[in-house]
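A quick write-up on the structure given underneath.
The values are calculated or read from the model by the stated rules, or taken from the named source; none is laboratory data. Every value quoted in this text rests on a predicted model; they were computed, and no experiment measured them. Reconstructed Cβ throughout: ideal geometry from the backbone, glycine too, with neighbour counts over all protein chains shown. Please note that ligands, DNA and RNA were not included when accessible areas were found on the heavy atoms of the full protein model with its side chains. Shrake-Rupley method; radii C 1.70, N 1.55, O 1.52, S 1.80 Å.
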Amino acid sequence: MVLPAYVGALGHQKKRETTLITGASSGIGLDLAKLMAPDFDLIITARNQSELENVARELEAAHGNHVHVIPADLSQSEAPEQLFAEIARRGLPVDILVNNAGFGSYGAFAESDHQTELDMIQVNITALTSLTRLALPGMLERKRGRIMNVASTAGFQPGPLMAVYYATKAYVIMFSEAIANELKSSGVTVTCLCPGATATKFAGRAKMEESRLFKMGAMRSEDVARTAYKGMMAGKTMVIPGVLNRAIAMSVRFSPRKLVTAISRSLQERAK
Ligand SMILES: NC(=O)c1ccc[n+]([C@@H]2O[C@H](COP(=O)([O-])OP(=O)(O)OC[C@H]3O[C@@H](n4cnc5c(N)ncnc54)[C@H](OP(=O)(O)O)[C@@H]3O)[C@@H](O)[C@H]2O)c1
């Protein structure tokens, strides 16, 4: 069971801790915001300000917590610094950081829109790394904090037809596991969430709804978010929601790379 952060050992009401969630305007980030709202004040960010304001209004009305809206386009290199400057200006701590914002793009690399791929690297890798770096000093000073980085089962193998996306998620896995180790005994935990196909706006935005992978079925976003939240609060380093996703992630470790890449391509191809 996840204990509310503001309930102390003796049941006293303490000040709520604050969680920063990126990509909270839809999908897994939105479901995490809904799950965490009863227990935490939130800072929610994404590009879509009006959607974020709707979410904030709904959550505040339902749970009586504070939900701060700070819109940001994380494909802009200065966005992480600006976001943290605004958080500091409002006098807010970041007790928990959920690096969830991300996107993919379908198609052969040679024919891809290069700027889109560069923006993807900026959002999925660079912004996530900068936000982690910006959140850590406060957490280390308090000797307490949680970071959740959203990777993907895509990060466990190469992904023909989504080469850059899969590679960005491999980075998130390696980065998260490494800093989880570095931060052991610091009071700060790092959790890497690796969802498989999940029913959100992601597949439509990436133009991969017709891929075999998504045609095989997708998990519900709220189920992914629930498993993620529980895993993060338990301090787990790796969370892979779904038995099948865990089995696939395990099997690729022991299979020949060329075979793994060929199977990955077949799942990425459009179902006939
Ligand atoms: N759905 C899946 O099958 C799946 C599987 C594995 C991993 N994931 C990962 O899960 C995370 C959440 O994705 P989702 O499935 O929930 O998809 P989603 O519904 O498309 O949500 C993506 C979120 O990221 C935000 N975002 C996208 N580009 C941004 C930018 N440039 N600046 C700031 N925010 C941006 C979006 O908000 P705005 O558009 O308002 O900016 C939105 O809130 C991503 O990291 C994704 O790679 C998804």
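Just to be sure I understand: with springs between alpha-carbon atoms less than 10 Å apart, which residue in Thr45, Thr200, Thr237 has the highest mean-square fluctuation in the Gaussian network model of the chain?
Thr200
Within the accessible area of the range 20-96, what % is carbon and sulfur when the probe is 1.4 Å and the other protein chains stay in place?
Values: 1410 of 3190 Å².
Ligands and nucleic acids excluded, carbon and sulfur reach 44 percent.
Give the distance, in whole Å, between the Cα centre of the range 71-124 and the Cα centre of the range 201-272.
Their Cα centres are 22 Å away from one another.
Would you kindly derive the ³J(HN,Hα) couplings of the range 241-246 from the backbone phi angles with the Karplus curve 6.51 cos²θ - 1.76 cosθ + 1.60 (θ = phi - 60°), listing them in order in whole Hz, with x for Gly and Pro?
x, x, 4, 5, 4, 5
Among rounded, prolate and oblate, which fits the chain when a ≥ b ≥ c are the square roots of the eigenvalues of its C-alpha gyration tensor, a/c under 1.5 means rounded, and a/b larger than b/c means prolate?
Prolate is the answer for the chain, as a/c is 1.5 or above and a/b outweighs b/c.
Share of the range 142-272's accessible area from carbon and sulfur, percent, 1.4 Å? Provide the component values of the computation, followed by the final result.
Values: 3930 of 6750 Å².
Summing carbon and sulfur atoms, their accessible area is 58 percent of the total for the range 142-272.
For the range 170-187, what does the Karplus curve 6.51 cos²θ - 1.76 cosθ + 1.60, with θ = phi - 60°, yield as ³J(HN,Hα) per residue in whole Hz, taken in order and with x for Gly and Pro?
Those phi angles translate into 4, 4, 4, 5, 4, 4, 5, 5, 5, 6, 4, 5, 4, 8, 3, 6, 8, x Hz.
Find, among the trypsin sites (Lys or Arg not before Pro) in the range 48-150, those assigned to loop by DSSP (not H, G, I, E, B) with at most 16 other beta-carbon atoms within 10 angstrom.
The qualifying sites are Arg90, Lys143, Arg144.
Which shape class, rounded, prolate or oblate, goes with the range 5-145 when its Cα gyration tensor gives a ≥ b ≥ c as root eigenvalues, a/c under 1.5 marks rounded, and past that a/b bigger than b/c marks prolate?
prolate
Using the heavy atoms of the protein chains and a 1.4 angstrom probe, tell me the accessible area per residue for the range 167-244 in square angstrom.
On a per-residue basis, 48 Å².
Pulled fully out, how much extra length does the chain show between Ala61 and Ala88, if you take 0.36 nm times their separation in residues and subtract their Cα-Cα distance?
Net length gain for the segment: 7.2 nm.
Calculate how many DSSP beta bridges within the chain are antiparallel, expressed in % of all such bridges and rounded to the nearest 5.
On the way: 2 of 27 bridges.
Once the DSSP bridges in the chain are tallied, antiparallel ones form about 5 percent.
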